[in-house]
Amino acid sequence: MHMAGDGAALVVAAAPRRMRNADAAWPYRQDSDFHYLTGFPEPDAVLALLPGRANGEVVLFCRERDPERERLDGARVGPEDAVARYGVDDAFPVEDIDDILPGMLEGRARLYCHFGRENEFDAHLLRWLRRLRSSRGGAVVPREFIALGHLLHELRLYKSPAELALMRRAARIAAAAQRAALLAARPGVAEYEVEAALLHAMRVQGAVPSYPPTVAAGANTCVMHYTANRGKLGRGDLLLIDAGAELECYASDITRTWPVGGCFSREQRALYGIVAEAQQAAIGEVRAGRPFTAAHDAATQVVVKGLCSLKLLAGGASSVMKSGEYKRFFPHKTGHWIGLDVHDVGDYRVDDQPRMLEKGMVVTVEPGIYIPPDDNGVPAKWRGLGIRIEDDVAVTARGSEILTAELPKGLDDVQALCAA
């Protein structure tokens with residue numbers, strides 16, 4: 001809390017339970033910021049950081065133990081065990097927060113919080129401050145509400161060794177899951193059958209998907225965020241699998257493109273080679289001291305040159321780069337931060353300039369080429385082909401580390417794995 005300064009307080013709430021329909025809730029997933037600060041896995045909890053508090057600066061409010069409720073919903077940690085298990089200085093029943101927390105905020109000049117994120121919690125904050133203002137004796141109430149996001153998200157951008165270890169494990173699980181999915185990937189099989197094998201392989205390792213998986217065959221590979229997974233695999237199709245595993249809230253994000261039946265066609269091989277070369281060039285730019293945008297620039301140059309050489313784009317590479325015509329087949333950026341969130345927090349620009357990469361940052365590198373099935377501007381043999389290759393790459397002191405390297409991506413290795 002030294003970054004927030006003396007006289008400050010920080011208050012952040014756990015993620016609420018969210019309903020899927022009627023009385024059925026979605027599987028609970030903790031708020032990423034709350035998890036980062038506490039590791040506490042339950043809803044109905046509030047963290048208060050109170051610098052200088054004599055009885056402990058880190059205070060957690062959480063549900064009390066309740067045998068009757070636990071019989072229905074499962075075990076709870078409770079305030080006493082929260083101190084022992086999660087390293088907080090003090091813990092109280094969340095049912096008593098209205099009587100306790102307002103007094104803890106008295107005398108604080110600044111309050112850091114996520115105001116505007118959850119309406120119900122915002123109402124609680126305002127009620128606590130109104131109570132302080134109306135109390136006798138002229139209580140000092142925080143005069144400034146400061147958005148917690150930038151302060152906290154700058155910390156989250158730099159991964160610790162423990163965080164990187166979790167991300168390596170999540171990456172290994174995701175890589176193994178794609179291998180398992182390939183065992184189900186045969187002509188005539190539905191995309192959701194491949195997805196089922198993928199999800200099973202994650203769950204048996206104690207992980208969950210870090211986002212809804214894309215399992216896209218044929219022309220579905222050209223849909224950037226395809227998640228219907230209802231199509232059928234045909235012999236000679238491409239199969240694009242974009243699927244990450246989440247372990248203890250830390251994400252991985254891997255994409256590979258596989259030939260159904262084990263062998264790329266001539267056109268598929270040509271496009272795959274361009275994407276693979278583009279990714280290699282981009283990964284070469286992921287190192288300390290290089291701007292975040294350098295990876296995308298390097299990938300784009302390779303993709304443009306390749307598409308022009310195949311006559312899929314008219315004119316020279318320099319004119320295509322200048323006009324942006326390449327976005328017709330390469331419409332997205334080459335990567336994003338990854339960590340507790342798949343598209344993780346952190347500014348991409350600082351002082352209106354691309355951010356420089358530093359040790360501990362982790363990015364995805366994911367160039368792709370997608371030729372829509374209805375694009376009559378190219379010969380029919382190219383239409384409906386979509387290829388993306390994605391890895392998670394950590395910036396290290398000596399260069400970079402590909403966290404997802406266990407899953408093959410070399411053209412011959414990919415064909416051999418599919419054929420096997």
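Quick notes on this one:
- For segment 8-156, share of DSSP beta bridges that run antiparallel, in % to the nearest 5: 50 percent
- Placing +1 on each Lys and Arg Cβ and -1 on each Asp and Glu Cβ, with no other charges, gives the chain a dipole about its Cα centre of roughly 1320 debye.
- Among the lysines of the chain, pairs that are 8 or more positions apart or on different chains and have alpha carbons within less than 15 Å of each other number 4.
- Burial ranking of peptide ranges 288-296, 121-129, 239-247 (average Cβ count within 10 Å, highest at the top): 239-247, 288-296, 121-129
- Share antiparallel - DSSP beta bridges, the chain, percent rounded to 5: 80 percent
- Ranked by how many other Cβ atoms sit within 10 Å of their own Cβ, fewest first, the residues Arg108, Arg76, Arg130 fall in the order Arg130, Arg76, Arg108.
- The angle between the Cα long axis of helix 191-203 and the main principal axis of the chain comes to about 50°, on a 0 to 90 degree scale.
- Segment 3-42: relative contact order in percent, alpha carbon pairs under 8 Å with at least 6 residues between: 32 percent
- Spread of Cα-to-Cα distances over 5 Å intervals beginning at zero, given as percent, for segment 368-418: 4, 16, 15, 16, 16, 13, 10, 6, 3, 1
- Listed residues Ser134, Pro16, Phe40: farthest to the positive end of the dipole of segment 8-156 (Cβ charges): Ser134
- Debye equation applied to the C-alpha atoms of segment 261-345, log10 I(q)/I(0) at 0.12, 0.15 Å⁻¹: -0.42, -0.63
- Entry note, the chain: the mean residue ellipticity at 222 nm calculated from DSSP H runs of n ≥ 4, each adding -39500 (n - 2.57), is -10500 deg cm²/dmol after division by the residues and rounding to the nearest 500.
- Value of Rg to Rh for segment 8-156, rounded to two decimals, is 0.97; Kirkwood radius and Rg both from alpha-carbon coordinates.
- Taken over the chain, the alpha-carbon convex hull comes to 174 cubic angstrom per residue.
- Residue ranges 79-86, 346-353 sort as 79-86, 346-353 when ordered by packing (mean number of other C-beta atoms within 10 Å per residue, highest first).
- Segment 1-118: relative contact order in percent, alpha carbon pairs under 8 Å with at least 6 residues between: 28 percent
- Rounded to the nearest 20 debye, the dipole magnitude of segment 330-400 is 300 debye, with +1 charges on Lys and Arg beta carbons, -1 on Asp and Glu beta carbons, and the Cα centre as origin.
- Sequence ranges 362-371, 154-163, 17-26, 209-218, ranked by mean other-Cβ count within 10 angstrom, highest first: 362-371, 209-218, 154-163, 17-26
- Scalar couplings 3J(HN,Hα) for segment 333-338, obtained by applying the Karplus form with A = 6.51, B = -1.76, C = 1.60 to θ = phi - 60°, are 6, 8, x, 7, 5, 9 Hz; x denotes Gly and Pro.
- For the chain, the relative contact order is 14 percent, taking Cα pairs closer than 8 Å that sit 6 or more residues apart in sequence and dividing their mean separation by the residue count.
Computed from the coordinates by the stated procedures, all read-outs in this text should not be read as laboratory data. Please read these numbers as outputs of a predicted model, since none were measured by experiment. Glycine gets a Cβ as well: all are built from the backbone with ideal geometry, and neighbour counts include every protein chain shown.
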